[in-house]
Amino acid sequence: MNTSRHSSWMARGAGPEVVKTAQVPAGTARSGRVRGGRVRTVPRRRPPPASGLAGDGWDFYLRHPWVLQVSQARPVLGPNEYAVLEALLRILRAAGLEATLVRRVVGTLYHFVRATAQTAAEALRAGAETGVDDTEWWYARSAVMGQVVPDFAERYPTVHWLNSAAAEAAAKDEASHADDADVPYLVREAKRTFDAGLAVLLDGVAGRVPPRAASRPEDS
């Protein structure tokens, strides 16, 4: 697998290097211009965490949904794709993951971000193109489902259990997400799936970090 084929999942890489002022003892040899014991230095760039890059990818796809139509069997391989790939690889390599696993994690993150964002993008397009919002569409199908499969709960007991449990938790969930109440249902669900799934996925990756790498102090 060519790792570069999975690099177009986000359009933003690590931010530009920033100049900051650091306090240093008088006479300390540091590169830069020293004035009164202070030196302006350009620190080594720290890539944003993988979760931040994934969030950037989600936002990018919803801003530019046409990118989701570009086949990744033969990707564009533009310079910004490699900039994002480089940022993500630096994060995973610094964690101490071995090279083969890094390649697979990059592919997994890419497909996860792209797929969840595609669901949201398609939901937005469907509502705009048909004039039927998600709530109306689902209510219509639910009514038909009850007629076509009257023994749904018996035939699919675990699905029925999940739907019932989800209904009980819906009020609390909606109360905790009041700020996105005006977001279409499927878009809202896709984003919550993205947030929860990304956390689980990255927890799993963290579990593969070698003990020595996990205990190593952060580079200064």
Worksheet entry | Relative packing of 62-74, 119-131, which averages over residues the other C-beta atoms within 10 Å, highest first | 119-131, 62-74
Item to complete: Report the relative contact order of the stretch 45-195, percent, no decimals, based on alpha-carbon pairs under 8 angstrom and at least 6 residues apart.
Response: 30
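Roll a 1.4 Å probe over the protein chains and send me the accessible area per residue for the stretch 103-164 in Å². Numbers along the way, then the final one.
Numbers: 4190 Å² over 62 residues.
Normalised by residue count, the accessible surface of the stretch 103-164 is 68 Å².
The values are calculated or read from the model by the stated rules, or taken from the named source; none is laboratory data. Computed from a predicted structure; not experimentally measured. Here the Cβ is made from the backbone with ideal geometry for all residues, glycine too, and neighbour counts use every protein chain on show. These area figures cover heavy atoms from the full protein model, side chains too; ligands, DNA and RNA do not enter into them. Shrake-Rupley method; radii C 1.70, N 1.55, O 1.52, S 1.80 Å.
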